[in-house]
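Trainee: First the structure, which I've put down as structure tokens, then a few questions once you've had a look.
The values are calculated or read from the model by the stated rules, or taken from the named source; none is laboratory data. A quick note: this is a predicted structure, and the numbers were derived from the prediction, not measured. Please note: Cβ atoms are built from the backbone with ideal geometry, for glycine as well, and neighbour counts cover all protein chains shown. Side chains included, ligands, DNA and RNA excluded: accessible areas come from the protein's heavy atoms. Shrake-Rupley method; radii C 1.70, N 1.55, O 1.52, S 1.80 Å.
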Amino acid sequence: MTMTKLTQITLPDIGDFEDVPVIEILVKPGDQVEVDTPLLMLESDKATVEVPSPQAGTIKTIHVKAGDKVSQGILIATLEVTEATDQLSASRFGTQTTTTTDIRENTDQIREVAASVSAATSSPAPPDNLHAEVLVLGAGPGGYTAAFRAADLGKQVVLIERYPVLGGVCLNVGCIPSKALLHIAKILTEAQAVREVGIEFGQPAINLEQLRHWKDGVVKKLAQGLSMLAKQRQVTVIQGSGKFISPNALTVETPDGIKTISFDHCVIAAGSSSARLPGLPKDPRIINSTDALALHTLPKRMLIIGGGIIGLEMATVYQALGTKISIVERLPQLIPGADSDLIKPLVSKLKQTCEAIWLDTSVSQIEASKKGLKVSFSGEQAPEAQWFDMVLVAIGRRPNDKLIAAESAGVAVDERGFITVDEQMRTNAAHIFAIGDITGEPMLAHKASHQGKIAAEVIAGHKVAFDARTIPSVAYTDPEIAWMGLTETEAKKQGIAYEKASFPWAASGRAIAMGSETGLTKLLYDKTTRRILGAGITGVNAGELIAEATLALEMGADMQDIALTIHPHPTLSETIMFAAETAEGVITDLYIPGSKK
């Protein structure tokens, strides 16, 4: 006789996040689910994450709804399970299969870059069996940093990368090509803006092939540099997909066949892939951010699903190149990780340049036909169905946990696919470390590279740990938005007492001369000690300016320290000093009644 019982499913550990919005329920009562079947989707600052079922069974009750905010331990569903399926899937990662579309990051584009990298940087094929003192799995910013630092510290290093070139997604199909195209977008928009001061250029003629060639040249130059740095350090680079077969060995599927590599220590830097919306038709006109950066074509009308950093950066590029852009976002605010006052100037400009921005709205269906892509929406303010030539899905990223068979090495992977590490980047297996996107939010290259150095130094015997007080975030939009440390939203949510000092760029001579007077610099500081707690900047080069505030937080600077630091004039950097002077009540570039000291 088959026995059944009800099992409650609670939200697993989701990192340093609380009150994360539920953006979609993917199942309903009565649905049969298997282990890893997605139950619901959450959206944080820079990623949309599926929450999978830890068991197989039948959905009895869903205890949350779209729009709810959830935290670790909250009851999300009740599952009816049979005795045969009543077990936690500790080995579930070993039974999963991953299709090519799950992990595709435009491999063809990366191969084109690889083919152009100089043969002078190539290495002979490695033997079928190798041993490494330090094996690094993944050659993105975190991986190659860990490998190079370990080699500098005297370790014999093997670096494994599934693509033919080093640099990972960031260098080849992410951070670098996007910033190259954003530079071009800035030139185009500034050329248009100067018409107001009496300087006119003709309508730009866009040679898409030449633009792609230039963009790929930027990537090629950096890829060549990394290959040379690896060669100079005598790091053995192996192209292929690595999977663990034991706590001290993995196999690598290379173009020359399967190779086995044993190791004393390993650093997992396997990264992440673009998240996908379930239920969308397979159509080449429905693309991810990697496809968008390939610039195969310029559509007349594009819908961007997702109002986070990645989606808005792509909106900036394609709008400047002549595409009419619409944006749909499930949440009530674009870039939900940033404070609303920082977002305001960007939203104001997007409303002028975009066809439409729909907030609190979801995509319910996409129908593909020869005419185009018919998109239907849901939500209180949802528009009628719209036709687009292309749809970009930019809803965040998910870890590449299913590619590496971590369970074969005894490495614990949580329900979201992330690997938990301590302050020295160690996993639960003491000789195996993990860094970068696969360790959780925030998924940022500069976090990964910092972690990579720490992992390498710990392996070399140094007494170091990850002790950064903040990790800055930047949206390279127009205008740029950058923030670090505590945000006002977080402070209010956590009940932290703070004070705020803001300086409007409308009072900055440099900003006015650059046509960027809508910018803003604000500092948050402790009410008692007056030490800086956080900062946010909106405007030209905000991503460059935020570094000073980040250093101030690391050094424990207070408002007087910043206000008394002489900044060059006229510059945008002095807006940080002006904000601190406002906090101290000594600002002369603004008139604030009652601020005399």
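Trainee: For the chain, which cysteines have no second Cys with its Cβ under 4.7 Å from theirs?
Mentor: When partners are defined as cysteine Cβ atoms under 4.7 Å apart, the chain leaves Cys266, Cys354 without one.
Trainee: So how much slack lies between Asp264 and Ile496, counting 0.36 nm per residue of separation and subtracting their Cα-Cα distance, in nm? Intermediate values should be presented prior to the final figure.
Mentor: Numbers: separation 232, 0.36 × 232 = 83.52 nm, distance 4.46 nm.
Result for the pair: 79.1 nm of gain on full extension.
Trainee: So what's Rg/Rh here for segment 331-449, counting alpha carbon atoms and using the Kirkwood radius for Rh?
Mentor: Numbers: Rg = 20.1 Å, Rh = 18.1 Å.
Result for segment 331-449 is an Rg/Rh of 1.11.
Trainee: Extension gain Glu423-Ala356, at 0.36 nm per residue separation less the Cα-Cα distance, in nm?
Mentor: Values: separation 67, 0.36 × 67 = 24.12 nm, distance 4.42 nm.
Contour length minus the Cα-Cα distance gives 19.7 nm.
Trainee: Continuing with this model, one more query. Which FRET efficiency value, to the nearest 0.05, do you get for Thr571 and Lys5 by plugging their Cβ-Cβ distance into 1/(1 + (r/R0)^6) with R0 = 60 Å? If you can, show how the numbers build up before the last one.
Mentor: On the way: r = 67 Å, r/R0 = 1.11.
The computed FRET efficiency comes out at 0.35.
Trainee: Then there is this: Please work out the Kirkwood hydrodynamic radius for the chain, using every pair of different C-alpha atoms, and report it in angstroms with one decimal place. Can you show the working numbers first?
Mentor: On the way: mean 1/r = 0.0388 Å⁻¹.
For the chain, inverting the mean 1/r across all distinct Cα pairs yields 25.8 Å.
Trainee: Would you check the accessible area of Leu153, probe 1.4 Å, heavy atoms only, in square angstrom rounded to 10?
Mentor: 50 Å²
Trainee: With each label point set 7 Å from Cα along the Cα-Cβ vector, what nm distance links Lys527 and Lys28?
Mentor: 4.9 nm
Trainee: Separate question: How large is the dipole of segment 351-496 about the Cα centre if only Lys and Arg carry +1 and Asp and Glu carry -1, each at its Cβ, rounded to the nearest 20 debye?
Mentor: Working: 15 positive and 20 negative charges, 52 e Å.
Dipole about the Cα centre, nearest 20: 240 debye.
Trainee: Collect residues whose amide H, placed 1.01 Å from N in the peptide plane, falls under 5 Å from the amide H of Lys60; neighbours closer than 5 in sequence don't count.
Mentor: Gly30, Thr78, Leu79, Glu80
Trainee: Which of the peptides 415-425, 154-164, 18-28, 447-457 is most tightly packed, and how do the rest follow, going by the mean number of other Cβ atoms within 10 Å of each residue?
Mentor: On the way: 415-425: 19.9, 154-164: 22.2, 18-28: 16.1, 447-457: 24.8.
Order by mean packing, descending: 447-457, 154-164, 415-425, 18-28.
Trainee: List the residues, sorted by chain then number, that are 5 or more residues from Ile287 or on another chain and whose placed amide H is less than 5 Å from its amide H.
Mentor: Close amide H contacts, sequence-distant or interchain: Val391, Leu392, Val393.
Trainee: For the pair Val194 and Glu18, how long in nm is the line joining their label points, each one 7 Å along Cα→Cβ?
Mentor: So the two model labels end up 5.1 nm from each other.
Trainee: Okay, moving on. Got a sec to turn the phi values of segment 340-351 into Karplus ³J(HN,Hα) couplings, 6.51 cos²θ - 1.76 cosθ + 1.60 with θ = phi - 60°, whole Hz, x for Gly and Pro?
Mentor: Here the 3J(HN,Hα) series is 5, 5, 6, 7, 3, x, 5, 4, 4, 6, 4, 5 Hz.
Trainee: Per-residue ellipticity at 222 nm for the chain, helices alone: DSSP H runs ≥ 4 residues times -39500 (n - 2.57), over residue total, nearest 500 deg cm²/dmol? Display every interim value, and only then the final one.
Mentor: Working: 16 runs with 169 residues, N = 597.
When only DSSP H runs of four or more count, the value is -8500 deg cm²/dmol.
Trainee: Testing the spin-label approximation: label points 7 Å from Cα along Cα→Cβ at Ala430 and His296. State their distance in nm.
Mentor: In this crude spin-label approximation the distance works out to 5.1 nm.
Trainee: Mind ranking 464-474, 300-310, 50-60, 356-366 by how tightly packed they are, going by the mean number of other C-beta atoms within 10 angstrom, highest first? Can you show the working numbers first?
Mentor: On the way: 464-474: 16.0, 300-310: 23.3, 50-60: 20.1, 356-366: 17.7.
Highest to lowest by the protection proxy: 300-310, 50-60, 356-366, 464-474.
Trainee: Can you tell me how segment 211-252 classifies by the Cα gyration tensor, rounded, prolate or oblate, using a/c under 1.5 as the rounded cut? The partial results should precede the final answer.
Mentor: Details: a/c = 5.53, a/b = 1.98, b/c = 2.79.
In terms of gyration-tensor shape, oblate.
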